[in-house]
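**Student:** Here you go, one structure.
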Amino acid sequence: MEQRHLGRTGLRVSRIGLGTLTWGRDIDENDAADLVKVFWEAGGTLVDTADVYGDGEAEYLLGRLVERLVPRRDLVISTKAGSVPDPERRFDGSRGHLLAALDASLARLGTDYVDLWQVHAFDPDTPLDETLQALDLAVSSGRARYAGVSNFCGWQLAKAATWQLAAPGTRTRLASTQMEYSLLQRGVEREVLPAALDLGIGLLPSSPLGRGVLTGKYRGDATPADSRGACDHLAPFVAPYLDDAASRIVDAVAIAADGLAATPLQVALAWVRDRPGVTAPIVGSRNAQQLTAALSVETLSLPDEICQALDDVSAPVHRYPDHDWSTL
């Protein structure tokens, strides 16, 4: 699999990443082992997790599989901290919480360091410089090799990245930002992606297949029994992308796939993988068969005409102030 630099850093990662959102809850150790083996054998290196995935079980499973199946040096392990199971406070970006969470993640993962450590979300109740200091301490202590953020909007990302760049050699530059991005969710193109491109930050798209909808499995009001849409705790996650607007985009992807003798999954994943500023979409496959289908996109590059057609049918409405205001 082709490798790409993560933002403006020396870290290279596979251009498709393996997600672990449902590990320890919907995916057991045997299925996780199959996923890691298939991913590694295909040349994949970037495995993304978080301390709250499966209440910590995702990290624990990954830690059990590292070395037993795959040498630690062959993987780029990315995890996150900052989300908390507290209805009164969804995010905790305090220095104390973040560093304690990192230590707990390392214990579950069974490793001395993570390759990429990300703040899971912006915490409005903690000064941003305190949050970012936790990243600096993690890197300077060797517990993390690189640092990034996740779910930061445009101004939050720009402020954080600029703060880090203001003291080179002292503060850790942000390597990445992880955000949802697909043909069904192009909101990052408004401000986040331009900021990331300007600041040399690599984008790691989550849910690049529109939470599974872009595979075409829900066309015609179908809900496969083994799909996320049929799962009680995941159905609300899929529901926002089952409207008429999404249906038109899914139909366009299917038409493009037919013309290219490819699958809708391949077309949708290739589109987001090759967008400017994207380093590696994170795919969350349920089993080895699904992951193999996703990894088959490595040989596909979409023709410019197909990309333009998909751009047009899925284009979000971005007017003032994103476009030249003098023409409005």
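The values are calculated or read from the model by the stated rules, or taken from the named source; none is laboratory data. Everything quoted here is computed from the prediction, not taken from an experiment. Heads up, the Cβs are rebuilt from the backbone with ideal geometry, glycines too, and the neighbour counts pull from every protein chain shown. Calculation scope for accessible area: heavy atoms of the full protein, side chains included, ligands and nucleic acids excluded. Shrake-Rupley method; radii C 1.70, N 1.55, O 1.52, S 1.80 Å.
**Student:** Select from segment 63-92 the residues that are assigned to a loop (DSSP other than H, G, I, E, B) and closer than 20 Å to Asp34 by Cα and list them in ascending order.
**Tutor:** Going residue by residue through segment 63-92, those that are assigned to a loop (DSSP other than H, G, I, E, B) are 67-69, 71, 75, 82, 84-90, 92.
Scanning segment 63-92 gives Glu67, Arg68, Leu69, Pro71, Leu75.
**Student:** Another question about this same structure. Which residue, of Gly17, Gly54, Gly43, is among the small types (Gly, Ala, Ser) and touching a Lys or Arg at 6+ places or on another chain (Cβ under 7 Å)?
**Tutor:** On the way: Gly17 fails: touching a Lys or Arg at 6+ places or on another chain (Cβ under 7 Å); Gly43 fails: touching a Lys or Arg at 6+ places or on another chain (Cβ under 7 Å).
Criteria check complete, one pass: Gly54.
**Student:** Might you check whether a residue that is part of a strand (DSSP E or B) and open to solvent by 30 Å² or more (accessible area, probe 1.4 Å) occurs anywhere in segment 33-41? Working first, answer last.
**Tutor:** Pass one, segment 33-41, residues part of a strand (DSSP E or B): none.
No, the conditions are met nowhere in segment 33-41.
**Student:** Now for a different question. For the subset of segment 126-178 comprising residues that are assigned to a strand (DSSP E or B) and of a type in the set (Lys, Arg), which member is least open to solvent (accessible area, probe 1.4 Å)? First the steps, then the outcome.
**Tutor:** If we filter segment 126-178 for residues that are assigned to a strand (DSSP E or B), which is where we start, we get 144-150, 168, 171, 174-178.
Narrowing further to those that are of a type in the set (Lys, Arg): 145, 171.
Numbers: Arg145: 121, Arg171: 68 Å².
Of everything passing the filter in segment 126-178, Arg171 is least open to solvent (accessible area, probe 1.4 Å).
**Student:** With Arg190, Arg248 as the choices, which residue is open to solvent by 60 Å² or more (accessible area, probe 1.4 Å) and under 19 Å from Thr263 (Cα atoms)? Talk me through it step by step, then tell me what you get.
**Tutor:** On the way: Arg190 fails: under 19 Å from Thr263 (Cα atoms).
After ruling out the rest, the residue left standing is Arg248.
**Student:** Checking Leu102 against (1) crowded, with 22+ Cβ neighbours inside 10 Å; (2) at pLDDT below 95, which single condition isn't satisfied?
**Tutor:** (2)
**Student:** Can you name every residue in segment 268-302 that is of a type in the set (Asp, Glu) and either over 22 Å from His5 (Cα atoms) or in contact with a Pro (Cβ under 6 Å, 6 or more places away or on another chain) (or both)?
**Tutor:** Keep residues of segment 268-302 that are of a type in the set (Asp, Glu), which gives 274, 298.
Scanning segment 268-302 gives no hits.
**Student:** Can you list residue pairs whose Cβ atoms sit under 6 Å apart, with the first residue in segment 242-255 being aliphatic (A, V, I, L, M) and the second being assigned to a helix (DSSP H, G or I) and open to solvent by 50 Å² or more (accessible area, probe 1.4 Å)? Count only pairs 6 or more apart in sequence or on different chains.
**Tutor:** Hits for this filter: Ile249/Val313; Ala252/Val313.
**Student:** Right, another one. Could you tell me which of the residues Ala100, Ala107, Ala121 is under 28 Å from Arg273 (Cα atoms), of a type in the set (A, V, I, L, M) and without any contact (Cβ under 8 Å) to a residue 40 or more places away in the chain?
**Tutor:** Going through Ala100, Ala107, Ala121 in turn, the sole match is Ala121.
**Student:** Looking at segment 17-31, which of the residues that are small (Gly, Ala, Ser) and within 18 Å of the chain's Cα centre (by Cα) is nearest to Leu295 (Cα to Cα)?
**Tutor:** Within segment 17-31, the subset small (Gly, Ala, Ser) is 17, 19, 24.
Imposing the further condition that a residue be within 18 Å of the chain's Cα centre (by Cα) reduces the set to 17, 19.
Numbers: Gly17: 10, Gly19: 13 Å.
If we take residues in segment 17-31 being small (Gly, Ala, Ser) and within 18 Å of the chain's Cα centre (by Cα), then Gly17 is nearest to Leu295 (Cα to Cα).
**Student:** Further, regarding this structure: Do we find that Ala268 is crowded, with 17+ Cβ neighbours inside 10 Å, modelled with pLDDT of 95 or more and out of contact with any Gly (no Cβ under 6 Å at 6 or more places or on another chain) in this structure? Break it down into steps so the answer makes sense when it comes.
**Tutor:** Details: crowded, with 17+ Cβ neighbours inside 10 Å: yes; modelled with pLDDT of 95 or more: yes; out of contact with any Gly (no Cβ under 6 Å at 6 or more places or on another chain): yes.
Judged against the criteria, Ala268 is a match.
**Student:** Continuing with the same structure: Taking only pairs six or more apart or across chains, which ones have beta-carbon atoms under 9 Å, a first residue in segment 46-69 that is at positive phi, and a second residue that is assigned to a helix (DSSP H, G or I)?
**Tutor:** Gly54/Tyr60; Gly54/Leu61; Gly56/Ala104; Gly56/Ser105; Gly56/Arg108
**Student:** Looking only at segment 150-163, decide whether some residue is farther than 20 Å from Lys80 by Cα and modelled with pLDDT under 95.
**Tutor:** Within segment 150-163, not a single residue is farther than 20 Å from Lys80 by Cα and modelled with pLDDT under 95.
**Student:** May I pose another question? I'm checking my understanding of the structure. Among residues of segment 235-245 that are closer than 21 Å to Gly284 by Cα and out of contact with any Gly (no Cβ under 7 Å at 6 or more places or on another chain), which one is modelled with the lowest pLDDT?
**Tutor:** That would be Phe237.
**Student:** What residue, among those in segment 224-234 that are open to solvent by 70 Å² or more (accessible area, probe 1.4 Å) and not hydrophobic (A, V, I, L, M, F, W, C), is modelled with the highest pLDDT? Walk me through how you get there before you give the answer.
**Tutor:** First, pick out the residues of segment 224-234 that are open to solvent by 70 Å² or more (accessible area, probe 1.4 Å): 225-226, 232-233.
From what is left, the residues that are not hydrophobic (A, V, I, L, M, F, W, C) are 226, 232-233.
Values: Asp226: 63, Asp232: 63, His233: 71.
Taking the candidates together, the pick is His233.
**Student:** Report whether or not Ala268 is under 29 Å from Trp23 (Cα atoms) and either touching a His at 6+ places or on another chain (Cβ under 8 Å) or assigned to a helix (DSSP H, G or I) (or both). Please lay out each step first, then the result.
**Tutor:** Details: under 29 Å from Trp23 (Cα atoms): yes; either touching a His at 6+ places or on another chain (Cβ under 8 Å) or assigned to a helix (DSSP H, G or I) (or both): yes.
It is true that Ala268 is under 29 Å from Trp23 (Cα atoms) and either touching a His at 6+ places or on another chain (Cβ under 8 Å) or assigned to a helix (DSSP H, G or I) (or both).
**Student:** Would a scan of segment 73-88 turn up a residue that is open to solvent by 30 Å² or more (accessible area, probe 1.4 Å), in contact (Cβ under 8 Å) with a residue 40 or more places away in the chain and among the charged types (D, E, K, R)? Steps first, please.
**Tutor:** Step one: list which residues in segment 73-88 are open to solvent by 30 Å² or more (accessible area, probe 1.4 Å), which gives 73-74, 84-88.
Keeping just the survivors that are in contact (Cβ under 8 Å) with a residue 40 or more places away in the chain gives none.
No: zero hits.
**Student:** Can you tell me which residues in segment 271-311 are open to solvent by less than 40 Å² (accessible area, probe 1.4 Å) and among the basic types (Lys, Arg)?
**Tutor:** Within segment 271-311, just Arg273 meets the criteria.
**Student:** Something else about it: For residues that are in a loop (DSSP other than H, G, I, E, B) and within 28 Å of Thr263 (Cα to Cα), scanning just segment 193-215, find the one that is least open to solvent (accessible area, probe 1.4 Å). Show your work before the answer.
**Tutor:** First pass over segment 193-215, keeping only residues in a loop (DSSP other than H, G, I, E, B): 200-201, 207-209.
Cutting the leftovers down to within 28 Å of Thr263 (Cα to Cα) gives us 207-209.
Numbers: Ser207: 29, Pro208: 4, Leu209: 26 Å².
Across segment 193-215, the extreme among qualifying residues is Pro208.
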